[in-house]
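Nothing in this text is a laboratory measurement; each read-out follows from the coordinates by a stated rule. Source: prediction; values computed, not measured. So basically every Cβ, Gly included, is an ideal-geometry build from the backbone, and we count neighbours across all protein chains shown.
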Amino acid sequence: MYETHVGSPRNRVDGRKKVTGTAPYAAEFTAPDLAQGYVVNSAIAKGRITAIDTKDALAVPGVIQVFTHQNRPRTAWRSTAYQDEVAPPGKPFRPLYDERIHYSGQPIALVVAEDFEIARYAASLVRVSYEAEQHQTDLTKVREQAYTPKYRTSMGPPSPRGDAEAAFGRSPVKVEGSYRIAVEHHNPMEPHASTVVWEGDGKITVHDKIQGCQNTQRYIRQVFGLSASDVHVISPYVGGAFGSGLRPQYQLFLAVMAALELKRSVRVVLTRDQMFTFTYRPDGLQEVAMAANEDGALQAIRHDLIGNTSTFEDYTEQTVGWSGMTYHCENYKGTYKVAQLDTYTPGDMRAPGAPTGLFPSESAVDELCHKLGMDPLKFRLKNYNQVDEATGKPFTSKELRAALQLGAERFGWSKRNHKPRSMKEGNELIGWGMAVGMWEAAMQKTAARAVLTIDGKLEVASASADIGTGTYTIMAQIAADALGLPIEKVTALLGDSSLPSAPVEGGSWGAASTGTAVELACHAVREKLFGYARGINDSPLGAAGVNEVQFREGRIALISDPSRFVTIQDAMVAGGVDRIEAEETASPSKITMLKYSSYAHSAAFVEVRVDEELGVVRVTRVVQAIAAGRILNPKTARSQILGGTVFGIGMALHEESMADHNLGRFMNHNIAEYHIPVNADVPNIDVIFVDEHDDLTSPIGVKGLGEIGICASPAAIANAVFHATGKRIRELPITIDKILGTKEAA
Amino acid sequence: MADLELKTRQGFAPDAGHESGASALPDEIPITLTVNGRRQELHVRPWTTLLDLLREDMSLYGTKKGCDHGQCGACTVLIDGQRMNSCLALAVTKDGSEITTIEGLASPDGTLHPLQEAFIEHDAFQCGYCTPGQICSGVALLREGHAKTAEEIREHMSGNLCRCGAYTNIVDAIESVMAKETAK
């Protein structure tokens, strides 16, 4: 039987490069005479630099220049020039702009030297004097100053419906709680880096760690006043980003500035410490209240958040909306305010706002079920909705019910004794918890090009990114199927600003957007090819239309009689061409956007074991059932869910950027003290993809998988901890001190 | 952070005001390393780590820098057959050693090491940045022979962080090679 590439498990097409160490990341491009930059960061959180002495640094042999606010070259003076494709409202931070310090760790100087060690050493000799001002980095201290911000598009709280207050008041069973999740830093394994190659004559080639090479290109053009032809960005491999590479970060500005000024190639790589000196998942003080009738029918939801932002931009994310969308509930109200802190602007981190909002709301559901004496699975099936009640629009598809049922079955949920502390083995209490998750299924305008050559090779290209998501591979799969070629004959290109336009890769829209664009471009090539095949004298295809033929194994054959065919080569020869090229742009359907809501859904089931004397929590089993439309590649798709789940384990149990508010600085700025899950923390994770047909979200039926894996997992883990211990812990991560210091719920 | 760096550096960095002055760089020291089977005479300053030497001087960028502090394992290479964080090894202290990096694991004809194959087959990576370190670590683990079960593999592979969360697939990949070796 003929097996299509799409829908079949396929190894990554970039796999060989990655396992042999030959895939080049941003800091691994080189150039003759490459200089190395090392960043000096501010030691205070707020104030001004009164003096900066670079004499000793400059005296070190091999030091080329030390850039500070005092000698930096002129760049655009309007802050709008620094606004990148995904900048939130406000005035972006401008590195080395003036003597003002806005946050601890702000870059204040760049030492450029002949080699890395010299630059690093000289950076230690830069003497800085400050005039410190009183800073504020503690969100709890500025609650009262919280204000309604200018929301990013679709990041505001949804409109209230019904009367949540009144319904809460009259309902018989209710829960209320305050929740908080520690600030997290993205910490991709690859530190942020930019290598800027001086090409002469004012032209540069830039290798940047970025989720969208054209975002980098645009930023450089705007800030440094260059034309598109002067700036070529090539970033084929990104060593993880999870949102930290959506916006150009400060090492890019510094590297480009130095290269243009010195007329020389420059590389700037951030240290792991410096990875804590820019964006992060924001802090938030959340209040969630829910009420139900005795029969478990949900009556009221209130969800309020005060999040933090910086003093220069208003960062918001969709956090309080999820609680109002997961279930049928006639009375909902959510609010979202922000308060300013003397920190860098928070940013999108894997599923921004979703696990953040779902941890409290799915904890509240669990708490409500406990009060009701109801199976949390039954509660979720009882309050199931098919309409996005925030907008009144139906979902394009929602197979969460099947996900809940299949996930529960695989996990063995029916064997659960719903009483907390009902399972114990040796010293360990065992708990089973569940939660549901949602993430928006989006598509963005994206272009792609396909080029078929007479040797039977096909190249597809888009300025998209593959941050580990598998974009290269799904591009190749889609293209191979469209023209019926072996996948080895297909080359996928991305991460190059000269390729057809694509937005940043984020929001889980990559596969739907780039995938559709590739398919459109390949179909356009196919049409032309088919025309040539039909044009052959006495064509074996007769008068067949394009829908009556199949493209398989390098042949165009009649579906009704595959023995009648024309090879690709013969068709091209007949057409007198040796290459066929097409570029197409895919856009989201306006009708779908107008009439429907589109989301991926998940149901997570988790087992934890808690040693109550030691306070240690271990996740021992996870089942994730996912409804996310069509699965292009079950192998790489599963990996996306594994990764999201591991991120969820991190949020639930490990990750915490700890600020010392006296210094106004994150103190555990390294990955020995900022804990991310290690291999021993991660158990077997069972991933189920539920059948879900959806041709409204995107033409290729894809909803996206990058974020849905994290959405439900932190809440499911916290609920499992409650089931194990009877302790409702409302602050993540659930660390030893919290297990030991929390009383059992009544 | 700049001020913290300063403190850690005062021990060995020449003082700014000294006669020899900040302007004196430490002398280069001759060493011999055999890297991926090739013996090389090198002159390195004592402050250069093996990791930076491999990447910046020998263009062996397959070995990754993730933290520079021995916390993440991305820089894992085999030094005289043992897995080590190359960021924690000053190059001069490895004079005379044999180093194998990810670039040296496949056969000269391009045939991949069985663990490299297994990583591809089990999708044991996503972004690929921790992968060379994971594979070097896994190759050594297989040789060490003290991990027999999935749980033991997890434990002994916990010095190599993977932010993409490919851990379970990494364990599967190592187990599959282990099973084949045992069957031999």
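Please list, in order along region A:11-20, the HN-Hα scalar couplings obtained from phi with the Karplus expression 6.51 cos²θ - 1.76 cosθ + 1.60 (θ = phi - 60°), rounded to whole Hz, x for Gly and Pro.
Per residue, the Karplus-derived 3J(HN,Hα) values read 5, 4, 6, 9, x, 4, 4, 6, 7, 9 Hz.
Counting only other chains, and only Cβ atoms inside 10 Å, what mean value do you get across the residues of B:114-121? Write down the numbers at each step before the final one.
Details: counts 0, 1, 6, 4, 1, 5, 7, 3.
The per-residue average across the peptide is 3.
Distance between the C-alpha centers of region A:599-661 and region A:154-171? Whole Å please.
If you average the Cα positions of each part, the centres end up 30 Å apart.
Between A:His675 and A:Thr148, what's the calculated FRET efficiency when r is the beta-carbon distance and R0 is 35 Å? Round to 0.05. Mind dumping the intermediate values first?
On the way: r = 35 Å, r/R0 = 1.00.
Working from the Cβ atoms, E equals 0.50.
For a test of the definition: using alpha carbon positions, the gyration tensor, and the 1.5 limit on a/c, classify region A:129-174 as rounded, prolate or oblate.
It is oblate, given that a/c is not under 1.5 and a/b is not larger than b/c.
Taking A:Lys424 as the anchor, which aspartates and glutamates have their alpha carbon closer than 19 Å to its alpha carbon, excluding any fewer than eight residues away along the same chain?
A:Glu607, A:Asp611, A:Glu612, A:Glu613, A:Glu744
Considering only DSSP beta bridges where both residues belong to chain B, give the percentage that are antiparallel (nearest 5).
Expressed as a percentage, antiparallel bridges in chain B total about 90.
Given the DSSP H assignment, sum -39500 (n - 2.57) over each helix run of at least 4 residues in the protein assembly as shown and divide by its residue total; what's the result at 222 nm in deg cm²/dmol, nearest 500?
-7500 deg cm²/dmol
Over region B:26-104, what is the relative contact order in whole percent, taking alpha-carbon pairs under 8 Å and six or more residues apart?
37 percent
Could you please state, rounded to a whole Å, how far the C-alpha centre of region A:394-452 is from the C-alpha centre of region A:678-746?
That distance is 8 Å.
Provide the net charge surrounding B:Gly138, with neighbours chosen by a C-beta distance below 11 Å and charges set as Lys +1, Arg +1, Asp -1, Glu -1.
The answer is 0.
Only Cα pairs under 8 Å and at least 6 apart count here; give the relative contact order of region B:114-183 as a rounded whole percent.
So the answer I get is 49 percent.
Work out Dmax and Rg for region A:443-587 from the C-alpha atoms and quote the Rg first, both in angstrom.
15.5, 50
On average, how many beta carbons from a partner chain sit within 10 Å of the beta carbon of a residue in A:6-13?
Values: counts 0, 0, 0, 1, 1, 6, 6, 0.
Per-residue shielding by partner chains comes out at 2.
Magnitude of the Cβ-charge dipole of chain A, K/R +1 and D/E -1, about the Cα centre, nearest 20 debye? Please report the intermediate quantities before stating the final value.
Numbers: 77 positive and 86 negative charges, 136 e Å.
For this selection, approximately 660 debye.
Treating only the Cβ atoms of Lys and Arg (+1) and Asp and Glu (-1) as charged, compute the dipole magnitude of region A:222-308 about its Cα centre; round to the nearest 20 debye. Please report the intermediate quantities before stating the final value.
On the way: 7 positive and 8 negative charges, 147 e Å.
For region A:222-308, the charge dipole is close to 700 debye.
For A:Trp77 and A:Asn662, what is the calculated FRET efficiency with R₀ set at 35 Å and r taken between the beta-carbons, to the nearest 0.05?
0.50
Taking the Cα centre of region A:593-746 as origin and charging only Cβ (+1 Lys, Arg; -1 Asp, Glu), how large is the dipole, in debye to the nearest 20?
Details: 14 positive and 18 negative charges, 55 e Å.
Rounded to the nearest 20 debye, it is 260 debye.
Taking every DSSP beta bridge that has both residues in the protein assembly as shown, what percent is antiparallel when rounded to the nearest 5?
The antiparallel fraction comes to roughly 80 percent.
Counting Lys and Arg as +1 and Asp and Glu as -1, what is the net charge of the other residues whose Cβ lies under 10 Å from the Cβ of A:Val518? Please report the intermediate quantities before stating the final value.
Details: positive: A:Arg449; negative: A:Glu519, A:Glu584.
That works out to -1.
With no solvent and one point on each alpha carbon, what is the Debye value of log10 I(q)/I(0) for region B:114-183 at q = 0.12, 0.17, 0.19, 0.28 Å⁻¹?
Once normalised to I(0) and log-transformed, intensities are -0.24, -0.50, -0.63, -1.47.
Ordered by residue, what ³J(HN,Hα) values in Hz, to whole numbers, does region A:21-37 give under the Karplus form 6.51 cos²θ - 1.76 cosθ + 1.60, where θ = phi - 60° and Gly and Pro are x?
x, 9, 7, x, 9, 3, 8, 10, 8, 9, 7, x, 6, 5, 9, 10, x
Under 5 Å between amide H atoms, partner at least 5 residues away or on a different chain: which partners does A:Val702 have, H built in plane at 1.01 Å?
Hits under the 5 Å cutoff: A:Arg630.
For B:Thr49, which sequence-distant residues (separation of 5 or more, or a different chain) have an amide H within less than 5 Å of its own amide H, given hydrogens modelled in the peptide plane?
Amide H neighbours of B:Thr49, under 5 Å, 5+ apart: B:Ala91.
Can you list residues whose amide H is under 5 Å from A:Glu133's amide H, if they're 5+ apart or on another chain and H is modeled 1.01 Å from N?
A:Lys46, A:Gly47, A:Arg48
Kindly flag which residue pairs out of A:Lys333/A:Lys703; A:Lys174/A:Lys371; A:Lys174/A:Lys738; B:Lys94/B:Lys148; A:Lys17/A:Lys489 have an alpha-carbon separation exceeding 19 Å in this structure.
Checking Cα-Cα distances, A:Lys333/A:Lys703; A:Lys174/A:Lys738; B:Lys94/B:Lys148 exceed 19 Å.
Set the Förster distance to 25 Å, then compute FRET efficiency between A:Gln386 and A:Ser414 from the Cβ-Cβ distance, nearest 0.05. Write down the numbers at each step before the final one.
Numbers: r = 25 Å, r/R0 = 0.99.
Efficiency at R0 = 25 Å is approximately 0.50.
Tell me the net charge near B:Leu33. Cut-off is 12 Å between Cβ atoms, B:Leu33 excluded, with +1 for each Lys or Arg and -1 for each Asp or Glu. List each step's numbers first, then the result.
Numbers: positive: B:Arg38, B:Arg39, B:Lys94; negative: B:Glu41, B:Asp57, B:Asp80, B:Asp95, B:Glu98.
Residues close to B:Leu33 contribute a combined charge of -2.
Arrange the following residues from fewest to most other Cβ atoms within 10 Å of their Cβ: B:Met58, A:Met658, A:Met434.
Working: B:Met58 19, A:Met658 13, A:Met434 29.
Starting with the residue having the fewest Cβ neighbours, the order is A:Met658, B:Met58, A:Met434.
List the aspartates and glutamates whose Cα lies under 16 Å from the Cα of A:Lys141, skipping any in the same chain that are fewer than 8 positions away.
The qualifying aspartates and glutamates are A:Asp283, A:Asp342, A:Asp660.
Give me the percent relative contact order of chain A, please, defined on Cα pairs under 8 angstrom at least 6 residues apart.
Computed over chain A, the figure is 17 percent.
Enumerate the calculated ³J(HN,Hα) couplings along region A:668-673 in order (Karplus 6.51 cos²θ - 1.76 cosθ + 1.60, θ = phi - 60°), each rounded to whole Hz, writing x wherever the residue is Gly or Pro.
8, 7, 6, 9, 8, 9
For region B:26-104, build the charge dipole from Cβ charges (+1 Lys, Arg; -1 Asp, Glu) around the Cα centre, then report which of B:Thr93, B:His69, B:Met58 sits farthest towards its positive end.
Toward the positive end, the furthest listed residue is B:His69.
Hey, fewest Cβ within 10 Å first, where do A:Met475, A:Met593, A:Met189 land in order?
Going from sparsest to densest Cβ surroundings: A:Met593, A:Met189, A:Met475.
For the protein assembly as shown, what class follows from the C-alpha gyration tensor (a ≥ b ≥ c being the square roots of its eigenvalues): rounded when a/c is under 1.5, otherwise prolate if a/b is larger than b/c, else oblate?
Note, shape of the protein assembly as shown comes out rounded.
Sorted from fewest to most neighbouring beta carbons within 10 Å, what does the list A:Thr620, A:Thr279, A:Thr75, A:Thr356 look like? Let's see the in-between values first.
On the way: A:Thr620 15, A:Thr279 23, A:Thr75 19, A:Thr356 29.
Neighbour counts put them in this order, fewest first: A:Thr620, A:Thr75, A:Thr279, A:Thr356.
Could you work out, for region B:49-107, what percent of all Cα-Cα pairs fall into each 10 Å distance bin, beginning at 0 Å and stopping at the bin that holds the largest distance?
26, 62, 12, 0
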